[in-house]
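The block underneath contains the structure these notes are about, expressed in structure tokens.
We did not get these values from a lab; they are worked out from the coordinates using the rules stated. Treat the numbers as computed from the prediction; the structure is a model and nothing was measured. Here the Cβ is made from the backbone with ideal geometry for all residues, glycine too, and neighbour counts use every protein chain on show.
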Amino acid sequence: MTKLVNVDGNPWALYDLRIWTERLELRLPTEDELYQLLEVARRGIHDPNDMPFGFAWTDQPSPQFERSFMQYHWSTRASWSPGKWSLDLGVWSEGQLLGTQGIDAENFGVRREVSTGSWLAREFQGQGIGKEMRQAVLGFAFDHLGAVWAKSGSFRDNPASAAVSRAVGYFEDGMEILAPRGEPRELVRWRMHVEQWRSRPRPRVEVGGLERCWDMFGAG
């Protein structure tokens, strides 16, 4: 487990963090890349008749959509602390930006629990990329940060997201009611223990640059 902290290089050390799988590279987008990510989101993430997110951010009209998108990503960096953090990584394949994979935690040093969430441009869905990028951050959390639990959520009427969670090895952990468009919907909670993660072969996940930002995750 990485515990060194090197203060040389970029003052916001999270920019040096890299996660690689066979097809993907995950890293924090730079300011210019946030504009590129915004363009990917504007091309479309889901059927307009569906809403896969607990907050209906994709329903916002322009320019509120663009402004809130940028404000969200700025806010996760501005409010970052070892006690509460949210890391929204861009996902690239062969130099092309596909979407984002998030991982967040609160009081991680004690709870050892992370949550994940993601979105992927529609033209890249159905190719196993969503599963691969989820496994990338789970490998990072369990095998590098020392997480014990991971959790996620998907609406009952979103079988594609549920299929990813099942395929990766989560188990159902109850439900709750959310209303992103003003109508109540069932959200299935998913959970996985580190022993479940290690109970089967996993794709290779490589991590670079963690030694520079280790202290920022409150991992102890």
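Computed values, structure above
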quantity: Among N10, F53, M192 the positive-end extreme of the charge dipole of the chain (Cβ point charges); calculated: M192
quantity: Added length on full extension, which subtracts the Cα-Cα distance from 0.36 nm per residue, Q125 to E31; calculated: 31.3 nm
quantity: Neighbour-count order for S68, S199, S165, fewest beta carbons within 10 angstrom listed first; calculated: S199, S68, S165
quantity: Net charge, A41 excluded, C-beta distance under 11 Å - Lys, Arg +1, Asp, Glu -1; calculated: +1
quantity: DSSP bridge pairs, the chain: antiparallel proportion in percent, nearest 5; calculated: 95
quantity: Peptides 42-54, 201-213 ordered by average Cβ neighbours within 10 Å, highest first; calculated: 201-213, 42-54
